[in-house]
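What follows is calculated from the coordinates using simple rules that are stated; it is not laboratory data. Only a predicted model underlies this, so the values are computations on that prediction, with no experimental measurement involved. Cβ: placed from backbone, ideal geometry, glycine included. Neighbour counts: every protein chain shown.
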Amino acid sequence: MEVHHHPEVEKKGFKEYLLEGLMIFLAVLMGFIAENIRESISDSSKGKEYIRSFVQDLKADTASFAVLIAFDDKKIAGLDRLSSCYDTLQKDSRLTGCLVPLLTNSMSNRAFNFADGTLQQLKNAGGFRLLKKADKDSIVVFDHDVQNYQNFESTIFQERQDIVREMLVKLIPFRAVEQIHSDSVVHISTPLLTSNDKASVNEFFNDLLLYNRVIKTQDNKLRRFKLRATALIDHFEREYSPE
């Protein structure tokens, strides 16, 4: 009976097993490092895209700031005639023509709508983790200031606007208001006061004075926002200019 001899298998030494294990470990480690580098590059790229998008939002805001500041400046210029108009009415309550610029500049206000699309993405999609700490901090501070401004606008400013409108409804006749709301106000043929009650007129002027101060506060806030937004735009465009 023929006997088949199996070839002898050379046993590996401890060093060979150690070397193979080390090679496998290094291969896994290098793969892990490569994946981390890939993710880091991808995250950095996404972070830069967020910054560039935020800069576009800031540019839209600065354009809107300019429009609203011009609107507020016109109102302030009209309402700064308060004192002289008050003196005129105290001398003769029939001389109501000076009320026209006061009324045309106190009937309405404009809310500022910030371009916050990128900010919402950063908050809701966890985008802040992709940014450098300094960049994140500067954007968070800007967002905090935006929220404070919006709170001011929806509370103190809106409250003053409502009070002025309330007094305006009580003191100014419908036909006069109708003419003031027309496209072009040259001459108001209707008397501008329904009452010669000095106490009511005095209250109205006090309300207009406080309203004017609130508008000036808003105007200052908007000017500071415009400067801050411009500074952020300059900073981010230097740091993240297109490659």
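Just rank 160, 165, fewest to most, by other beta-carbon atoms within 10 angstrom.
Working: 160 22, 165 15.
In increasing order of surrounding Cβ atoms, one gets 165, 160.
Would you check segment 80-209 for Lys pairs whose C-alpha atoms are within less than 18 Å, ignoring same-chain pairs closer than 8 in sequence, and give me the count? Each step should come with its number before you reach the end.
Values: 91/198; 123/132; 123/133; 123/136; 170/198.
Qualifying lysine pairs in segment 80-209: 5.
Lysines within cross-link reach of residue 216: Cα-Cα under 24 Å, excluding same-chain residues under 8 positions apart?
Of all the lysines, those that pass the test against residue 216 - Cα under 24 Å, at least 8 places apart if same chain - are 59, 74, 75, 226.
Just want the ordering: 61, 219, from fewest to most Cβ atoms lying within 10 Å of their own Cβ. Numbers along the way, then the final one.
Numbers: 61 25, 219 17.
In increasing order of surrounding Cβ atoms, one gets 219, 61.
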